[in-house]
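J.: Quick one: the structure is below, questions incoming.
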Amino acid sequence: MDLYRLYFQQFKEKVPLTIEEQEQIQSYLTLKKISKKQYFLQEGEVCKSYAFVEKGSLRKYSIETGNEHIIQFAIEGWTVGDLLSFLSEEPATYHIDTLEDSELILMSKSAHDELLSIQPKYETYFRLLITGAYIALQRRHSFTLSLPVEQRYTDFVEKYPEIVKRVPQHMIASYLGLTPETLSRVRKRLAKGK
């Protein structure tokens, strides 16, 4: 059970579980280790599992006209996948790869579907995950469109200090919708203002 400690810690923060319910859900999970710079998912594949990050970090991104657009980072305690592809079984529109050696807890589509039908607490947990993902997407959309670049960067640093320590600046620039050069200028301006 220790391998799934963080997963169930997060789960129980949203939905309380008995030991029996935890054991039932755990029987549907698989652990996967992926080395740094390896794909969890590539655009065009069907997302057959969503992943909970037990250890490590990942990024979800698209490539448009040769440019990489990072949509999400995922570190310990976060969930990542191409939700549209996972639920609809259509080809993924995103790539997901590891930024560090990572340990992921996977829930396959077939396990997910079966658990939804037999375990009401899993259904509640997954609904809360989807709701949280939708809220995060809306906030990110508003954030990218409405805030000045300096505010985008300072908000990101304040909200995600762990990511800032672990992810290269050019990837943070991509996430913020900036070029690396623009982010560098923003960081210099902010440093002078202190």
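J.: For residues that are outside any helix (DSSP H, G or I) and among the β-branched types (V, I, T), scanning just the range 15-36, find the one that is farthest from T124 (Cα to Cα).
T.: Filtering the range 15-36 down to residues outside any helix (DSSP H, G or I) leaves 15-18, 27-36.
Now drop any that are not among the β-branched types (V, I, T), which leaves 15, 18, 30, 34.
Values: V15: 7, T18: 15, T30: 20, I34: 29 Å.
Once the filter is applied, the top-ranked residue is I34.
J.: Being over 28 Å from P180 (Cβ atoms), in a strand (DSSP E or B) and not hydroxyl-bearing (S, T, Y) is true for just one of F52, F126, F86, F73. Which residue is that? Give the derivation first.
T.: Details: F126 fails: in a strand (DSSP E or B); F86 fails: in a strand (DSSP E or B); F73 fails: over 28 Å from P180 (Cβ atoms).
Going through F52, F126, F86, F73 in turn, just one is over 28 Å from P180 (Cβ atoms), in a strand (DSSP E or B) and not hydroxyl-bearing (S, T, Y): F52.
J.: Between a first residue in the range 121-139 that is surrounded by 11 or more Cβ atoms within 10 Å (Cβ to Cβ) and a second residue that is in a helix (DSSP H, G or I) and of a type in the set (D, E), which pairs have beta carbons less than 9 Å apart while being 6 or more apart in sequence or on different chains?
T.: Hits for this filter: K121/E21; Y122/E21.
J.: Are any residues in the range 158-183 open to solvent by 50 Å² or more (accessible area, probe 1.4 Å) and among the β-branched types (V, I, T), and if so, which ones?
T.: Here is the first cut: in the range 158-183, the residues open to solvent by 50 Å² or more (accessible area, probe 1.4 Å) are 158-162, 165-166, 168-170, 177, 179-181.
Correct list: T179 only.
J.: Report yes if some residue within the range 63-73 is under 25 Å from D2 (Cα atoms) and under 18 Å from the mean Cα position of the chain (by Cα); otherwise report no.
T.: Within the range 63-73, the first condition is being under 25 Å from D2 (Cα atoms), and the residues that meet it are 73.
Checking which are under 18 Å from the mean Cα position of the chain (by Cα) leaves us with 73.
Yes.
J.: If you don't mind, another one. With respect to T65, determine if the residue is at positive phi, open to solvent by 10 Å² or more (accessible area, probe 1.4 Å) and not small (G, A, S). Can you show your working first?
T.: On the way: at positive phi: yes; open to solvent by 10 Å² or more (accessible area, probe 1.4 Å): yes; not small (G, A, S): yes.
Against the criterion (at positive phi, open to solvent by 10 Å² or more (accessible area, probe 1.4 Å) and not small (G, A, S)), T65 qualifies.
J.: Scan the range 91-104 and give yes if some residue there is out of contact with any Lys or Arg (no Cβ under 8 Å at 6 or more places or on another chain), assigned to a helix (DSSP H, G or I) and touching a residue at least 24 places away in the same chain (Cβ under 8 Å), otherwise no.
T.: First pass over the range 91-104, keeping only residues out of contact with any Lys or Arg (no Cβ under 8 Å at 6 or more places or on another chain): 91-93.
After this cut, where a residue has to be assigned to a helix (DSSP H, G or I) as well, the list is none.
No, that holds for no residue.
The values are calculated or read from the model by the stated rules, or taken from the named source; none is laboratory data. Not measured: the values here are computed from a predicted model. Heads up, the Cβs are rebuilt from the backbone with ideal geometry, glycines too, and the neighbour counts pull from every protein chain shown. To get the accessible areas, we keep the full protein, side chains included, count just its heavy atoms, and leave off ligands, DNA and RNA. Shrake-Rupley method; radii C 1.70, N 1.55, O 1.52, S 1.80 Å.
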